Amino acid sequence: MVTTQRLKRQITLSQAVALGLGSIIGTGIFVSIGLAAGIAGIGLLPALAIAAIVATCNGLNSAQLAASHPVNGGTYEYGYRYLNPQLGFTAGWLFLLAKSASAATAALGFAGYLLHGLGLGRGNPVTLVIVALAAVVGITGVVLSGIQRSSRLNTFILTISVLALLWFVVIGTGAISTGAFSTSAFSTSAIGQGLPSGFSMFYDRGGRTIQEIPIQAILQASALMFVAYSGYARITTLGEEVQHPERTIPRAILMTLGLSFALYFAVGVVGLGTVGAEALQQGAITEAAPLALAARRFPVWGSEMVLGIGAIAAMLGVLLNLLLGLSRVLLAMARRGDMPITLAQLNADRTTPTLAVLAMGGIVALLVLLGNVKTTWSFSAFSVLGYYAITNLAALRLPASVRQYPRWTAGFGLAACVFLAFWVEWQIWFVGLGLIGLGLIWQATLQHRSKAN
């Protein structure tokens, strides 16, 4: 290790759960749930359950790894400790690639929702970028101020987002119609064209017709929604800042995933039951706001505005949590010499990796300047599934003395990640593998220079 200087342990159980929820209650539930509905129709609901099961297995393995090796960096560190430097680096590299672009997308999403709600600057890319940059600068300042202030802001933001979603569920329940569920069933056959027939599941359409849903469509939707649940990893990337990590991290991950699934499932039922799958998909593609489209059907005035406020808050929460996680992974990689060593510097109080935060804030700001960061959920799915495949592989290597859960959970998690990854488009595989190759060349170059010096 380049440095042994450690951050203080300040994060409690409730704060860890809030940080995990703040990472999950964001783009996935406000936008991507519409894309998954478009792929699988009413099969969105079993897709959410499948993704939650896979995420829980991965969460258990992440938890026991974090408990046995409670340092910042998540799977990057577990790969180094239990596997080999190349796999460890690959995990960290995938995390930085996917989440940097996701953070820029969250900033632009925040700006878009805000300008749309205020009726200002709509269609003006300059205004969009300026507002997004302001969000990045502001949130970077909060992250620089330390984990406690970041945690308090996250809790405030999360409360607004969850209250807006609960409003959506409670008010929207009264607007559910069986006709919308039938539309969800019908639209699947059109949206799922091009998928191989394979095995299929069937369900009753109003007691009159049986509608076919390709299993392949459900699996593809499961891979996309797994990305949404994967935000619990933020708890493990902050491992060395968690109090009593052996107890706190496993509990926090399980509580986070349980609450997230309940909320996602309820929102999915209301969305499908009010406007149907095809409308949700169109809302995600054309407005990046499928739930707002559903809220327009609610009988209570102002429902769309309430949901918009929740979405604005959620995007800020995602940006906050991503910058926290990115800076901690970059810190861990700098400590090992996989990134410039100066990035491992902490502030005087040992509460913030100052240079790592500034570096990630700068990278996200540069991506925001593009004004149109088109990160696909397919690439995110490839990166996240690869990241957790390495997590589960590391969990298989845990010695029996520190293992908390049966070994089969790691085997199942690994197999599930590899299996779901094969439902990602082949073009994404080529891009992802190419970027991994570039990263390994970077690692080898830095290590060669370090040995030469």
Scan (1) part of a loop (DSSP other than H, G, I, E, B); (2) free of Cβ contacts under 8 Å to residues at least 12 places away in the same chain for the single condition residue 297 breaks and write down its number. (2)
If the requirement is being under 22 Å from the mean Cα position of the chain (by Cα), surrounded by fewer than 18 Cβ atoms within 10 Å (Cβ to Cβ), of a type outside the set (Ser, Thr, Tyr) and at pLDDT below 90, which of these qualifies: 287, 246? 287
Counting only residues that are within 19 Å of the chain's Cα centre (by Cα) and of a type in the set (Gly, Ala, Ser), which one in the stretch 409-453 is farthest from residue 58 (Cα to Cα)? 432
When you go through (1) of a type outside the set (A, V, I, L, M, F, W, C); (2) under 22 Å from residue 321 (Cβ atoms); (3) assigned to a helix (DSSP H, G or I); (4) out of contact with any strand residue (DSSP E or B) (no Cβ under 9 Å at 6 or more places or on another chain) one by one for residue 151, which number turns out not to apply? (4)
If we scan the stretch 386-396, do we find a residue that is at negative phi, part of a helix (DSSP H, G or I), touching a Phe, Trp or Tyr at 6+ places or on another chain (Cβ under 7 Å) and not hydroxyl-bearing (Ser, Thr, Tyr)? yes
Can you pull out every residue in the stretch 65-89 that is surrounded by 24 or more Cβ atoms within 10 Å (Cβ to Cβ) and assigned to a helix (DSSP H, G or I)? 65, 66, 75, 76, 77, 78, 79, 80, 88, 89
Pairs returned, first residue in the stretch 316-344 that is without any contact (Cβ under 8 Å) to a residue 12 or more places away in the chain, second residue that is among the charged types (D, E, K, R), beta-carbon separation under 7 angstrom, 6 or more apart or interchain, are none
Residue list for the stretch 326-370, restricted to those being assigned to a loop (DSSP other than H, G, I, E, B) and either surrounded by fewer than 19 Cβ atoms within 10 Å (Cβ to Cβ) or at pLDDT below 85 (or both): 337, 340, 345, 346, 347, 348, 349, 350, 351, 352, 370
Please tell me if residue 380 is modelled with pLDDT under 90, farther than 29 Å from residue 135 by Cα and either out of contact with any His (no Cβ under 6 Å at 6 or more places or on another chain) or assigned to a helix (DSSP H, G or I) (or both). no
Residue that is over 17 Å from the mean Cα position of the chain (by Cα) and closer than 17 Å to residue 254 by Cβ, where the choices are 51, 40, 67: 67
Cβ-Cβ distance below 7 Å, separation of 6 or more or different chains: which pairs start in the stretch 50-68 with a residue that is touching a residue at least 12 places away in the same chain (Cβ under 8 Å) and within 26 Å of residue 221 (Cβ to Cβ) and end on one that is of a type in the set (Val, Ile, Thr) and surrounded by fewer than 23 Cβ atoms within 10 Å (Cβ to Cβ)? 57/409; 60/409; 61/409
Starting from residues that are in contact with a Ser or Thr (Cβ under 9 Å, 6 or more places away or on another chain) and touching a residue at least 12 places away in the same chain (Cβ under 8 Å), keep the ones in the stretch 419-434 and report whichever is nearest to residue 217 (Cα to Cα). 423
Picked from the stretch 153-192 (must be among the aromatic types (Phe, Trp, Tyr) and over 23 Å from residue 25 (Cβ atoms)), the residue modelled with the highest pLDDT is 181
Within the stretch 149-164, the residues that are touching a residue at least 24 places away in the same chain (Cβ under 8 Å) and hydrophobic (A, V, I, L, M, F, W, C) are 153, 157, 158, 160, 162, 163, 164
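The values are calculated or read from the model by the stated rules, or taken from the named source; none is laboratory data. Because the structure is predicted, anything quoted here is derived from the model rather than measured. Cβ: placed from backbone, ideal geometry, glycine included. Neighbour counts: every protein chain shown.
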